[in-house]
Amino acid sequence: MTETLERQRPVERPAERQVGGLLRSWRERRRVSQLELSIRADISTRHLSFVETGRSAPSREMVLRLSEVMDVPLRERNHLLLAAGYAPVYTEAPLEGPAMAPVRDAVRRILAGHEPYPAVVVDRGWNLLEANASVAAMLEGVADHLLEPPVNVLRVSLHPEGMARRVANLGEWRAHLLGRLRRQVDQTADPGLTDLLDELRGYPCDQPEPVVEMPGAGDLVVPLRLRRIDGEGELAFLSTVATFGTPLDITVAELVIESFFPADAATAAALGPRGAAPTAD
């Protein structure tokens, strides 16, 4: 009798319940109601509710549609597909692989073209992938152990043995970087980034950190102000961030190019004119 009951017991489908819970978590993370998401995804609220509670199994197209509407990162879209019992659709080609040659070429052209100003390329975890020669001026005085691969640019920036001891406006710059990372954690739900945020928060800082970035008189952006190693004043930078506009590969989607520009005439003069080769010193 027991064997009969076991054979007749409905087959459990934990993957469906899991994907429903994951979709609900992303909806709540995006602070979107079921009604709003159902309207944006063009499905009924009832159907969405059934999917989230595991009463209905979402199709592959439904998972992708909801992911797109909620702007779920490509890596997490693959996780949702797997949880629903489908194969991932987004590739993750290694940056050094042959398929990524056009991307590598584009990145290196951007870095070289930005000389003599610094520029870096980082991945999702803020690990350094590429940099131009001018970045060396920013890394002067950084402890060797922080420059051993994989080099994490946030750790290098805020560690007491890194750039932090040269940053004249450390409290302001630290608050800016931690705010960026906190927003990235909210966007991606990446536990690795959460751990990195906790680590960076534990680094010492002897300057007040603004809770909210409020501009002072004449301020347009938060600058990075680095004391020069030779003691001859400061180098002041503002930065811009670029990403690939139409990524269909996880590696490409997670690449970030950060370019630094002189924030004042003295820094521009110290770095040299555009089009000039960077100096060895």
>> Quick check on the range 166-175. Is at least one of its residues under 19 Å from ASP264 (Cα atoms), of a type in the set (Gly, Ala, Ser), in contact (Cβ under 8 Å) with a residue 60 or more places away in the chain and surrounded by 14 or more Cβ atoms within 10 Å (Cβ to Cβ)?
In response: yes
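So that you can scan it fast, the table gives a plain yes or no per residue for (1) in contact with a helix residue (DSSP H, G or I) (Cβ under 6 Å, 6 or more places away or on another chain); (2) exposed (fewer than 15 other Cβ atoms within 10 Å of the Cβ); (3) assigned by TED's automatic domain parsing to the domain that holds THR188; (4) over 15 Å from TYR86 (Cβ atoms):
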position: GLY21; (1), (2), (3), (4): no, yes, no, yes
position: LEU35; (1), (2), (3), (4): yes, yes, no, yes
position: PHE50; (1), (2), (3), (4): no, no, no, yes
position: LEU64; (1), (2), (3), (4): no, no, no, no
> Take the residues of the range 140-165 that are free of Cβ contacts under 8 Å to residues at least 24 places away in the same chain, buried (at least 16 other Cβ atoms within 10 Å of the Cβ) and small (Gly, Ala, Ser): which is farthest from LEU224 (Cα to Cα)?
Replying inline: GLY162
> Applying the selection to the range 228-249, what residues are within 20 Å of ASP123 (Cα to Cα), in contact with an Asp or Glu (Cβ under 7 Å, 6 or more places away or on another chain) and without any contact (Cβ under 8 Å) to a residue 40 or more places away in the chain?
Replying inline: SER239, VAL241
>> Please determine whether any residue of the range 61-72 is part of a loop (DSSP other than H, G, I, E, B) and among the aliphatic types (A, V, I, L, M).
In response: yes
> Does the range 236-254 contain any residue that is farther than 27 Å from ALA106 by Cβ, aliphatic (A, V, I, L, M) and modelled with pLDDT of 90 or more?
Replying inline: yes
>> Condition check: of a type in the set (A, V, I, L, M, F, W, C), under 27 Å from PRO94 (Cα atoms) and assigned to a helix (DSSP H, G or I). Does VAL135 satisfy that?
In response: yes
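One line per residue, one yes/no per condition, for (1) of a type in the set (Lys, Arg); (2) touching a strand residue (DSSP E or B) at 6+ places or on another chain (Cβ under 8 Å):
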| residue | (1), (2) |
| --- | --- |
| ARG60 | yes, no |
| VAL89 | no, no |
| ALA106 | no, no |
| ARG109 | yes, no |
| GLY113 | no, no |
| ALA119 | no, yes |
> Can you tell me which of ASP190, ASP198 is buried (at least 16 other Cβ atoms within 10 Å of the Cβ), more than 18 Å from GLU258 (Cβ to Cβ) and modelled with pLDDT of 90 or more?
Replying inline: ASP190
> Going through the range 151-204 one residue at a time, which ones are within 22 Å of SER25 (Cα to Cα) and outside any helix (DSSP H, G or I)?
Replying inline: ALA189, ASP190
>> So, HIS145, is that one over 18 Å from PHE261 (Cβ atoms) and assigned by TED's automatic domain parsing to the domain that holds HIS114 or not?
In response: yes
> Does LEU81 satisfy the condition of being touching a Lys or Arg at 6+ places or on another chain (Cβ under 8 Å) and under 27 Å from SER25 (Cβ atoms)?
Replying inline: yes
>> Could you check the range 223-260 and list, in sequence order, the residues that are surrounded by fewer than 17 Cβ atoms within 10 Å (Cβ to Cβ) and in a strand (DSSP E or B)?
In response: ARG227, LEU238, THR240, VAL241, ALA242, GLU258
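The values are calculated or read from the model by the stated rules, or taken from the named source; none is laboratory data. What you are looking at is a predicted structure, and each value in this text was computed from that prediction instead of being measured. Because the Cβ atoms are built from the backbone with ideal geometry, glycine has one as well, and the counts that use them run over all protein chains shown.
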